[in-house]
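**Student:** Take this structure first; my questions come after.
Read-outs throughout are calculated quantities, based only on the coordinates presented, and are distinct from any laboratory measurement. Computed from a prediction, not measured in an experiment: that's the story for all the values here. Virtual Cβ from ideal backbone geometry, glycine too; neighbours counted across all protein chains shown.
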Amino acid sequence: AQSVTQLDSQVPVFEEAPVELRCNYSSSVSVYLFWYVQYPNQGLQLLLKYLSGSTLVESINGFEAEFNKSQTSFHLRKPSVHISDTAEYFCAVKGTYKYIFGTGTRLKVLA
Amino acid sequence: DTAVSQTPKYLVTQMGNDKSIKCEQNLGHDTMYWYKQDSKKFLKIMFSYNNKELIINETVPNRFSPKSPDKAHLNLHINSLELGDSAVYFCASSQARDRGPINLNTEAFFGQGTRLTVV
């Protein structure tokens, strides 16, 4: 069975500091991996995805994630965060006719 | 030009009532979903439909009845509402993987959510 584990429920970080949100997955088949962001009282927005090819994927707002098959990880990173990055971040793996989400990591950027 | 739209955005109702949430997508996707997000932000799949056919029913009480009149719509009807049904319900859609070459558009698109409060 496929599953996703997000080890950190909350990550406080100061503005302009780097951040890493951790995600580990379990899957016996080829994986499609995603990071979604949820701002307060909003739906989920796709941040980036890994389908195949280059193991480093980037988003338009400075986030990147690296697919590591040997460590079954897909950690999300940003070298310098902004106040506006404060949100809930979800890692997900695509299953058969469903998406399996981790429990989420609340990123709180402090001034 | 909202891709996935669901109504209403907020729903406050008394225990025992029956309510419906509507969802429509204009992306031409063939698969639609209902997810429940609880107070701890945990997202759990409830149902998935492919080409109007129920594919997944994730042990949801039969008070919840999804209806897909066509590929673009997936509505959720809830009978005899209980306090524990209070949550945010998200509709989503995606394109199922083709049998042929990899389909690159494999992400799910989510609606803005319906916050259901049962009092």
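**Student:** Using θ = phi - 60° and the Karplus curve 6.51 cos²θ - 1.76 cosθ + 1.60, what whole-Hz ³J(HN,Hα) does each residue of region B:17-29 get, with Gly and Pro shown as x?
**Tutor:** So the J values, rounded to whole Hz, are 6, 10, 9, 10, 10, 9, 9, 9, 10, 10, 9, x, 6.
**Student:** Here's another thing I want to ask about it. Which value, to two decimals, describes the C-alpha radius of gyration of chain A once divided by 2.2 N^0.38 Å?
**Tutor:** 1.01
**Student:** Go through A:Ile60, A:Ile83, B:Phe47 and say which Cα lies farthest out towards the positive end of the charge dipole of the protein assembly as shown; charges sit on Cβ, +1 for Lys and Arg, -1 for Asp and Glu.
**Tutor:** B:Phe47
**Student:** Rg and Dmax of region B:1-77, using alpha carbons, in Å: what are they?
**Tutor:** Expressed in Å, the Cα Rg and Dmax of region B:1-77 come to 12.8, 36.
**Student:** If you don't mind, another one. Report, in debye and to the nearest 20, how large the dipole of region A:3-110 comes out about its Cα centre when Lys and Arg carry +1 and Asp and Glu carry -1 on their Cβ.
**Tutor:** 400
**Student:** Two decimals is fine: what is log10 I(q)/I(0) at q = 0.11 Å⁻¹ for the protein assembly as shown, from a Debye sum with one equal scatterer on every Cα and no solvent?
**Tutor:** Values returned for q = 0.11 Å⁻¹ are -0.56.
**Student:** A follow-up question, please. In the structure displayed, which of A:Lys69/B:Lys9; A:Lys49/A:Lys108; A:Lys94/B:Lys9; A:Lys69/B:Lys52; B:Lys9/B:Lys40; A:Lys78/B:Lys52 lie more than 31 Å apart, Cα to Cα?
**Tutor:** Beyond 31 Å: A:Lys69/B:Lys9; A:Lys69/B:Lys52; A:Lys78/B:Lys52.
**Student:** Follow-up. Considering the dipole of chain B built from charges on the beta carbon (Lys and Arg +1, Asp and Glu -1) around the Cα centre, which of B:Ile56, B:Gln37, B:Gln112 is farthest to its positive end?
**Tutor:** It is B:Gln37, whose Cα lies furthest towards the positive end.
**Student:** About its Cα centre, what dipole magnitude does the protein assembly as shown give when the only charges are +1 on Lys and Arg Cβ and -1 on Asp and Glu Cβ, stated in debye to the nearest 20?
**Tutor:** Roughly 440 debye, rounded to the nearest 20.
**Student:** Per residue of A:91-97, count partner chain C-beta atoms within 10 Å of its C-beta, then hand back the mean as an integer.
**Tutor:** Details: counts 0, 3, 0, 5, 3, 5, 12.
Across A:91-97, the average partner-chain Cβ count within 10 Å equals 4.
**Student:** Let me ask something additional. Considering the protein assembly as shown, which cysteines have no disulfide-compatible partner, defined as another cysteine with its Cβ under 4.7 Å away?
**Tutor:** Within the protein assembly as shown, no cysteine lacks a partner Cβ under 4.7 Å, so the list is empty.
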